[in-house]
């Protein structure tokens, strides 16, 4: 093959530009940390990155919903637990007042004390979260679910919340009842509070039979609260278990994304160094090639 | 037996031949780095009359038409892929979601905002987020459409640019044909002009696929666009690019309100009165294509005749690549984006109007309705077009929909209809329960990934396909450029190996010519001595 001046020019130009392309590409990947910047560099990889990104964001949204529902259910559980403790206290006092030896004055004083506990119970039932939503109102979260009619010692408690629940997705494809209603906590018509209110009325009226009846009803309502508390606990545990699915999936997606998106920096640095060495070699070869000519010898 | 004069003649022919060789070698060395220069050689042959010396014929240029033709074809292929790659690279930036910003990302964000709202339907922050992500999604729809639109505008401009370059080069070839014919007739060397013309032809072949037909008088005819004449002897045609049909970004020139000025299809200008009729030319075709014509143009720039429009697939070269990207790849993508916007508005509004906001209001729109692009006449006087313009070819109803995508006026976060509007099942207390219901917002969130919107596929899948198509076609174009470039380099190397100047060779040639010159000079010196001897003998 004839080696002409034009051929040497082309060789030098092609070799150096080819190596510089490799250098530029490696430098770009090292600085960005990503294998590809545009979809055309690897369409399949690009599609996978976008898909993983979408799934990760979806898991993050689902996780936010889970956190919110968990927070609500936990607060409700705490409330019910306090309510249970309060009812236990009320029962002790009621038992003490159920004997013949207690005076009307003592019963009156106890009625006032139990009224305090009832106020606390109602406060718990009408409790709001940080954003102002009422916890035990079902989906009627904007309004306090329990209202009191009348004054001490004769009060009536009415439930004005909702019996309707709201479903929220807390794991991929898993929707749960995200709200707590008064019925799920304190009886279908607020029987827990009404029983305590009836006890107060009975103590204030010094009515032995009514006190006895209220004590029996109180036992039933305490059991209602305990059962509802246990049910809430079960819901929270089930929620936590589904969240592990979300967490696991999120990690899997993040690993998959990193696998296809992130560059192997070590490999790219090696590629860069190799290309740099090649460029130096080409430059030296070019220098020698262009300096050797018959013109140097023929005079 | 040759006489002394004849021997002198022989010596003189030797001197002349060596001088010619030296001149040609010098010319070659001087042009060693001239692009496209083909080295020249002198052909030494014994003189026509036997025994009378040597004749130096030439100069003759060393060319390889076979390799040159292969190179031209390869450059044409590279130009085609380059044309496609140039346009598609512009578009790819518009649809690139890899940096976390883009239409698909904004669709996902909108859906996720709806999901977050479903967990707290009365939450003002969540409602505000829905509005915010909806605005971002609208902005992305417009950005994508604008990106496609700009790529098409730029592509059209570039195609015209390339067409102008083709015209210029065709003109150069025609002019060189004339010069070559003239110089050949007057016996002058035409090799340099042929080299120049070959170089121009190579440049032309990268712009458009051509067939070069050499003629006996050293001129060439050039055909392009599937056998259509481009250069005929000393004449050439002008190449023009024109759109056929309204571009997706063009106003169609209809006047809807009768004020004498053309309005655009979806500018929302109300009709003045019932029966307002569109005035002006209806669009000739619902499709948009760039076409190329070869035209004969007189000195005043007026077209005197034109060949029929040439389909893009007959063109080849960079011009063919640009047209292919526009006509085949881009115009249906922009149409798909419009369809996505149009159908999203219809289906989303259907759900939203059936829902209830926290004020208990229903029948609220979320997006501003996008009218069917074909509707141009208001027959019932309500200010809204309800019939197509007479005689107009129908566009897709979603033409330019992505441009018109907007939230409905006055939409505030409390008007987002997250709740169901079905008092029978179950009956919700509007005062207390509606605000906490999330039935409708769950349906709206599911709609974004439902196949209802795009008749069997989802919005994300539809756009994912657009991105994939563009990515794959860009990749194919890049690979095409790379492959053809490699082939072109190989062929170019073959060509320069054969036709370019090697200074070393020319140095040897100069040295040999010098020696031959000295030797021929010695013949003359010896003949001169012989003549003197003869004269002394007879004198």
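Values as computed for the structure displayed
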read-out: Theoretical ellipticity at 222 nm over chain A - DSSP helices of four or more residues, -39500 (n - 2.57) apiece, nearest 500; value: -24500 deg cm²/dmol
read-out: Sequence ranges B:427-438, A:249-260, ranked by mean other-Cβ count within 10 angstrom, highest first; value: B:427-438, A:249-260
read-out: For residues of B:476-485, the mean tally of beta carbons on other chains within 10 Å; value: 1
read-out: Ordering of A:263-272, A:74-83 by packing [mean C-beta count within 10 Å, highest first]; value: A:74-83, A:263-272
read-out: Extended-chain gain in nm, criterion 0.36 nm per residue less alpha-carbon gap, residue A:32 and residue A:158; value: 39.0 nm
read-out: 13 Å cut-off, amide nitrogen to a point 7 angstrom out along residue B:60 Cα→Cβ, residues in the range B:2-40; value: B:40
read-out: Kirkwood hydrodynamic radius (C-alpha pairs) into Stokes-Einstein, chain B, 4 °C and 1.567 mPa s, D in µm²/s; value: 44
read-out: MRE, 222 nm, helices only [DSSP H, n ≥ 4, -39500 (n - 2.57), over chain B, to nearest 500]; value: -18000 deg cm²/dmol
read-out: Cα gyration tensor, the range A:24-103 - rounded (a/c under 1.5), prolate or oblate; value: prolate
read-out: By average C-beta atoms within 10 angstrom, highest first, the peptides A:178-185, A:274-281; value: A:178-185, A:274-281
read-out: For the range A:65-81 and the range B:1-73, distance of Cα centres in Å; value: 101
read-out: Average beta-carbon neighbours from other chains, 10 Å sphere, peptide B:326-335; value: 0
read-out: Shielding by other protein chains, A:6-12, mean Cβ within 10 Å; value: 6
read-out: Potential lengthening between residue A:205 and residue A:165 on full extension [0.36 nm per residue; Cα-Cα distance subtracted]; value: 10.4 nm
read-out: Convex hull projection area averaged over all views, the protein assembly as shown, Cα basis, nm²; value: 54.3
read-out: Binned Cα-Cα distances of the range A:83-234, short to long, each 5 Å bin given as a whole percent; value: 2, 10, 18, 20, 18, 12, 8, 6, 3, 2, 1, 0, 0
read-out: Using alpha-carbon coordinates, inclination of helix B:503-538 to the longest axis of chain B, degrees; value: 20
read-out: Cα-based helix-to-principal-axis angle, B:124-185 vs chain B, degrees rounded to 10; value: 20
read-out: Cα shape, the range B:425-476, gyration tensor, a/c 1.5 rule; value: prolate
read-out: For chain B: relative contact order, % (alpha-carbon pairs under 8 angstrom, 6 or more apart); value: 22
read-out: Förster-model FRET efficiency, 41 Å R0, residue B:406 and residue B:427, C-beta, rounded to 0.05; value: 0.70
read-out: For the range A:156-290: Kirkwood Rh in Å [reciprocal of mean 1/r, alpha carbons]; value: 21.6
read-out: Cα-based helix-to-principal-axis angle, B:103-119 vs chain B, degrees rounded to 10; value: 20
read-out: Whole-number percent relative contact order across the range B:97-183, with pairs defined as alpha carbons under 8 Å at least 6 apart; value: 24
read-out: Global geometry of the range B:31-110, whether rounded, prolate or oblate, following the gyration tensor of its Cα atoms and the 1.5 cut on a/c; value: prolate
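Any read-out appearing in this document is the output of simple, stated calculations on the displayed coordinates, not a laboratory observation. It should be emphasised that the depicted structure is a prediction, and the values quoted were computed from it without experimental measurement. Cβ sites come from the backbone with ideal geometry, for glycine too, and all protein chains shown count toward neighbours.
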